Amino acid sequence: MMEHEHEIRKFIAEKFLFGEHNKLPRDASLLEAGIVDSTGVLELISYLEEQFNIKVNDDELVPKNLDTIAGICAFLSKKIS
Amino acid sequence: MNAKSPIPPDLLEIDCDKELAKISGAIKNTLGRVLHKRGLVVGISGGIDSSVTAALCVKAVGKDKVIGLQMPERHSAEDTLGLSALIADHLGIRKVPIDITPILEAIGYYEKYDEAVRAAVPGYGRDWKSKIVVSDISEDRAYTLFSVVAASPDGRMVKERLELSSYLAIVAATNFKQRIRKMLEYYYADLYNYAVAGTPNRLEFDQGFFVKLGDGAADIKPIAHLYKTQVYKLARYMGLPEAIINRFPTTDTYSLPQGQDEFFFSVSSEVMDLCLYGKNHGLSVEDVSLHVHLPPGRVSAIYQDIDRKRTATRYLHLAPVLITEVPEIAQDLMMKKDLG
């Protein structure tokens, strides 16, 4: 399991799926899976900033960083380090 | 030599005479046989969509059976009242001006809006002006991000990306405007036993650019199948005033002037029309790109954004979801009964 993967999966399950745990592959697109839309992205950003005490900059708001569980974990690791 | 698009330049051409007959016939038929109402109420803003809708209603049932409601508020553009009066007078319909500012004040809209903007722009207050803008649709940016643009009383401009709570607070407060206007339209509809005509064009209807139970509410939507370009063609064909046809398309929602392209579509309505038409008719990204003079990557991003907006705004179109169907009240059944 990647660093922070458990927390991210838990957040996605609780926030977007009303507690239903998903077996979404790490590299599956959250947009394409219909889990996250534009407002959902704002909720995700808000969670990352508050939970991990980071600031997500405008130029970091791209699918590479936020659209897959693997991408979010990698982005988080980079930001925290 | 530049490559030429195989798409004909008059892609969105319509037979205006036939279209007018089709729409006005359908309005008349729907009023008499489905809705059982005696006339129509239209909220008129002085914009192209509400003006064409009002004109179509007049063509369908006559000027004496159409009421135009003018509903400006403190943040409306200066020409809103004048242009809405112009179209009402041009059509010869009764116009009812109602300034909705006191209603918005009573409900706390202005305070709620200012407070939400202040979270992003410290110091923002009543003497400032502002608008909300969307990020550009590009190949590497799949998300629609919203920013507030604010102008201070001394002319300083500030642009800040909106965080979740501010964004939601601004949307929730601003939606009061559309819902209050619709409440008034239904007041007059009830008063005269009329129906309410909604004014969305195809771009707005398809992409969910409306407020649920606000401007999305209506008994009939006469131009929801027409691309914006076609709405302009009908306006010219019907000889509507040039001042209305030439007015810059605006949301008329925020205190700073704001085009629909800034708030929702990110590109002009002409380009959005062609991209939506292209996508609906299976035209390739490459062909549409040559037609609209944008790089293929940009058109591809717009195609994807169309799908994302359809998904995100699907709930706006839904009637309340029932857990178990009530077959006796199914909408298609009622329509069949009414139309024989």
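The values are calculated or read from the model by the stated rules, or taken from the named source; none is laboratory data. None of the values given here were measured: they were computed from a predicted structure. Quick reminder, even Gly has a Cβ in these numbers, built from the backbone with ideal geometry, and neighbours come from all protein chains shown.
Numbers for the structure displayed
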read-out	value
Boolean, B:LEU226 is part of a loop (DSSP other than H, G, I, E, B), modelled with pLDDT of 95 or more, crowded, with 21+ Cβ neighbours inside 10 Å and assigned by TED's automatic domain parsing to the domain that holds B:VAL61	yes
Among residues of region B:148-186, those that are touching a helix residue (DSSP H, G or I) at 6+ places or on another chain (Cβ under 6 Å), more than 14 Å from chain A (Cβ to nearest Cβ) and either over 25 Å from B:ILE223 (Cα atoms) or surrounded by fewer than 17 Cβ atoms within 10 Å (Cβ to Cβ) (or both), counted	1
Criterion violated by B:ILE103 - all others in (1) of a type in the set (A, V, I, L, M); (2) more than 18 Å from the chain's Cα centre (by Cα); (3) farther than 21 Å from B:ASP190 by Cα satisfied	(3)
Counted residues, region B:187-219 - those being out of contact with any Leu (no Cβ under 9 Å at 6 or more places or on another chain), surrounded by fewer than 23 Cβ atoms within 10 Å (Cβ to Cβ) and aliphatic (A, V, I, L, M)	3
Residue among B:SER45, B:SER24, B:SER84 that alone is buried (at least 21 other Cβ atoms within 10 Å of the Cβ) and either out of contact with any helix residue (DSSP H, G or I) (no Cβ under 7 Å at 6 or more places or on another chain) or farther than 23 Å from B:LYS131 by Cα (or both)	B:SER84
First in region B:31-48 and farther than 26 Å from B:ILE244 by Cβ, second anywhere and surrounded by fewer than 17 Cβ atoms within 10 Å (Cβ to Cβ), Cβ under 7 Å, 6 or more apart	B:ARG33/B:ASP338; B:ARG33/B:LEU339; B:VAL34/B:MET335; B:VAL34/B:ASP338; B:VAL34/B:LEU339; B:LYS37/B:ASN193; B:ARG38/B:TYR192; B:ARG38/B:ASN193
Residues that are part of a helix (DSSP H, G or I) and among the acidic types (Asp, Glu), drawn from region B:94-109	B:GLU105
Residues of region B:110-130 satisfying the condition of being out of contact with any strand residue (DSSP E or B) (no Cβ under 8 Å at 6 or more places or on another chain), part of a helix (DSSP H, G or I) and small (Gly, Ala, Ser)	B:ALA116, B:ALA119
Exclusive hit being outside any strand (DSSP E or B) and either at pLDDT below 95 or surrounded by fewer than 20 Cβ atoms within 10 Å (Cβ to Cβ) (or both), set B:VAL52, B:VAL34	B:VAL34
Matching option when the condition is touching a Ser or Thr at 6+ places or on another chain (Cβ under 7 Å) and among the polar types (S, T, N, Q), among B:SER51, B:SER76, B:SER45, B:SER24	B:SER45
In region A:47-66, the residues that are surrounded by fewer than 16 Cβ atoms within 10 Å (Cβ to Cβ) and either among the charged types (D, E, K, R) or within 7 Å of chain B (Cβ to nearest Cβ) (or both)	A:GLU49, A:GLU50, A:LYS55, A:ASP58, A:ASP59, A:GLU60, A:LYS64
Residue list for region B:275-318, restricted to those being more than 14 Å from chain A (Cβ to nearest Cβ) and basic (Lys, Arg)	B:LYS279, B:ARG298
Number of the exception - A:ILE72 against (1) touching a Lys or Arg at 6+ places or on another chain (Cβ under 8 Å); (2) in contact (Cβ under 8 Å) with a residue 60 or more places away in the chain	(1)
Where B:TYR143 falls short, out of the listed (1) buried (at least 17 other Cβ atoms within 10 Å of the Cβ); (2) touching a strand residue (DSSP E or B) at 6+ places or on another chain (Cβ under 9 Å); (3) of a type outside the set (A, V, I, L, M)	(2)
